Amino acid sequence: QVQLVESGGGLVQAGGSLKLTCTASERIFRTYTGWFRQTPGQEREFVAAITWSDENTSYADSVKGRFTISTVNGRNTVVLQMDSLKAEDTAVYYCAVSQNDGRKWLSSAYDYWGRGTQVTVSS
């Protein structure tokens, strides 16, 4: 069973930065890797995604210009660089991998999920 492991969450002041990483336990076929976030009582929300084939990126409007998604380590690790953080970015952040061509902003399009990492931004 493939495992996705997120790291890099923590507590930061508003305006600060954090870098999240997501590494798969083995190389798997994927069409794209995405990051989602969730707060208590809310649905999981799309944050960003990167396409495996051409590394094309997509972002939610709420993070565009502040977050950057990229790959390293032969594209086995996906990085989410988060700058100019706001209190409303506070959430549990999840990494996910899709093996289909579904709509990348929908959580239902993803086949594998990590356990999540907490990001807390103090105002």
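Details
- Pairwise Cα separations in the range 28-90 fall into 5 Å bins from 0 onward with the following percentages, short to long: 4, 17, 28, 23, 16, 9, 3, 0.
- Of all segments of the chain bounded by trypsin sites (Lys or Arg not before Pro) found in a DSSP loop with no more than 12 other C-beta atoms within 10 Å, the longest spans 65-102.
- Of the chymotrypsin sites (Phe, Trp or Tyr not before Pro) found in the range 16-123, those in coil by DSSP whose Cβ has at most 13 other Cβ atoms within 10 Å are 29.
- Carbon-plus-sulfur accessible fraction, the chain (probe radius 1.4 Å, protein heavy atoms only): 45%.
- Seen from residue 32, the other residues with C-beta closer than 13 Å to its C-beta sum to a net charge of 0, counting Lys and Arg as +1 and Asp and Glu as -1.
- Taking a Cβ cut-off of under 14 Å around residue 59, the surrounding Lys, Arg, Asp and Glu residues balance to a net charge of -1, with basic ones at +1 and acidic ones at -1.
- Under DSSP loop assignment and at most 12 Cβ neighbours within 10 Å, longest GluC sites (Glu not before Pro)-free interval of the chain: 56-123
The values are calculated or read from the model by the stated rules, or taken from the named source; none is laboratory data. It should be emphasised that the depicted structure is a prediction, and the values quoted were computed from it without experimental measurement. Heads up, the Cβs are rebuilt from the backbone with ideal geometry, glycines too, and the neighbour counts pull from every protein chain shown. Accessible surface is based on the protein model in full, side chains and every heavy atom, while ligands, DNA and RNA are left aside. Shrake-Rupley method; radii C 1.70, N 1.55, O 1.52, S 1.80 Å.
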